[in-house]
Structure formats: structure tokens, C-alpha cells
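Data first, discussion second: the structure below is written as C-alpha cells.
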Amino acid sequence: MVKPNAKGPKRTVDIFCAKCKTQLFKYRKGGKGALVKCFKERIVDDYTTTPCECPQCGITFARETLVRGTPAYKMVGGKVTMK
């Protein structure tokens, strides 16, 4: 399996909870598509206290998994938004 690009993209996006609009991550995202997964090594700022759980409302917005042998968060559909 091919690992994700080590250098990573330059563009950052802000990821928010869809329910309470609390900021969860600042993430270096590549491409134009929907946010399906977040590689942990590409997260610039992490505003969560417990992994995969919103600090404000407490919903679970993702699952921890391995994607191509790299630790990542797999997002649950409709639980997060990005700008």
C-alpha cells in the first residue's frame, strides 16, 4: 500500500462540529472532495480533549482507524462541516 504524501498539502481547512459549530481541527487537506478521513499527521491544531468526540456537545464525529497503514480518523457522515 502507498502511504499518503509525507510533505502534505499547503491548504488548510477548519473542521467544525455540525451540531454545535465548535471548531475541532485545523487540517491540511488535499483535493476538492468531501471530508471522508483525516490523517493524524496532517492535523495542524487539535481542539478536542478526547479523540473523536466533540468537546462542547459530546457527539462522536469519527472513528480511529488505519488507512494505508497510517493512523487516521474516519469521519461519520453529516457530523462535521469544513470551511
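Computed from the coordinates by the stated procedures, all read-outs in this text should not be read as laboratory data. Here the structure is a predicted model, which means the values were calculated and not measured. With ideal geometry, Cβ positions are generated from the backbone for all residues, glycine too; neighbour counts draw on all protein chains shown.
Filter the range 31-61 for residues that are more than 12 Å from the chain's Cα centre (by Cα) and loosely packed, with under 11 Cβ neighbours inside 10 Å and give the result. The answer is GLY31, LYS32, GLY33, THR49, THR50.
Kindly indicate whether ALA72 is surrounded by 12 or more Cβ atoms within 10 Å (Cβ to Cβ), farther than 15 Å from GLN23 by Cα, of a type in the set (A, V, I, L, M) and under 10 Å from the mean Cα position of the chain (by Cα). Reasoning before the result, please.
Details: surrounded by 12 or more Cβ atoms within 10 Å (Cβ to Cβ): yes; farther than 15 Å from GLN23 by Cα: yes; of a type in the set (A, V, I, L, M): yes; under 10 Å from the mean Cα position of the chain (by Cα): yes.
Considered against the rule, which asks whether it is surrounded by 12 or more Cβ atoms within 10 Å (Cβ to Cβ), farther than 15 Å from GLN23 by Cα, of a type in the set (A, V, I, L, M) and under 10 Å from the mean Cα position of the chain (by Cα), ALA72 comes out as yes.
There is no residue in the range 45-53 that is hydroxyl-bearing (Ser, Thr, Tyr), farther than 19 Å from ARG11 by Cβ, out of contact with any Cys (no Cβ under 9 Å at 6 or more places or on another chain) and in contact (Cβ under 8 Å) with a residue 60 or more places away in the chain. The condition of being in contact with a Cys (Cβ under 9 Å, 6 or more places away or on another chain) and in contact (Cβ under 8 Å) with a residue 40 or more places away in the chain holds for only one of VAL80, VAL2, that being VAL80.
Each residue in the range 13-31 was checked for being under 20 Å from VAL2 (Cα atoms) and in a strand (DSSP E or B), and 1 of them qualify.
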